[in-house]
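All remarks here apply to the structure that follows.
What follows is calculated from the coordinates using simple rules that are stated; it is not laboratory data. Please read all numbers here as calculations on a predicted model, not as lab measurements. Every residue, glycine among them, receives a Cβ derived from its backbone with ideal geometry; neighbour counts consider all protein chains shown.
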Amino acid sequence: MFKSIEAKFKEDILKKRKDLFGVSNILSCPKIEKVVINVRVKQGGNIEEEAILNMISKISGQKAIATKARLSISNFKIREGQIVGAKATLRNRMMIDFLDKLVNVTLPRVRDFSGLDKKAFDGKGNYTIGFSEYNSFPEVAGDDVSRLHGIEITIVTTADNNEQGFTLLKELGFPFKKK
């Protein structure tokens, strides 16, 4: 039977918290804090910026914001204040729905998917997944994308280290590669 990520966390992880994380208090158990969906564009006009914002809004289910360059970098032909990407930050119910969709629908649709890499943790228990194209997301699968851009999904946890973050995501059903 299909169990949502929220149900797995409440029913399975919190009950096994001593064995999994070595904590006795429920509140000290690591949990997912937020999910950040991020896209960077190389160069483009207003048409491309609008397309990227619409794409991220469709994927996340909420309005995306444009990210602007803080500094001018002449080597990259970027000027201060120029739009260089888009992002959406998901919390609470939207985050849980997105993670359910990511694990159960999107990741199985990725071409040649063999599992997530355990090395993508940042040292503090946060995990970043990178996609080179949008086609695996069901919301945008049929849309015409003139130029494909990579998309990053960062899962921010309250874990103290990579091992706790890995254990949390593994117990929630994320498909990691076997050694």
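Couple of notes before you dig in:
- Which of 100, 117, 12, 112 has the fewest Cβ neighbours within 10 Å, and the rest in rising order: 112, 117, 12, 100
- Amide H to amide H distances under 5 Å link residue 78 with 73, where only residues 5 or more positions off or on other chains count and H is placed in the peptide plane.
- Listed values for segment 56-72 are Karplus-derived 3J(HN,Hα) couplings in whole Hz (6.51 cos²θ - 1.76 cosθ + 1.60, θ = phi - 60°), namely 5, 5, 5, 5, 7, x, 9, 5, 8, 10, 7, 9, 10, 5, 7, 10, 8, and x replaces Gly and Pro.
- Estimated vicinal HN-Hα couplings, Hz - segment 167-177 in sequence order (Karplus 6.51, -1.76, 1.60; Gly, Pro = x): 4, 4, 5, 5, 5, 7, x, 5, x, 8, 5
- For segment 89-179, the set of GluC sites (Glu not before Pro) satisfying both a DSSP loop assignment and a count of at most 11 other C-beta atoms within 10 Å is empty.
- In segment 16-134 the Cα-Cα distances spread across 10 Å bins starting at 0 as 11, 32, 34, 18, 6, 1 percent of all pairs.
- Contact order for segment 12-171, expressed relative to its length and based on alpha carbon pairs under 8 Å spaced 6+ residues apart, stands at 30 percent.
- Candidates 150, 81, 130, ranked by Gaussian network fluctuation over the chain, Cα under 10 Å, top entry: 81
- Taking other Cβ atoms within 10 Å as a rough exposure proxy, 59, 153 sort from fewest to most as 153, 59.
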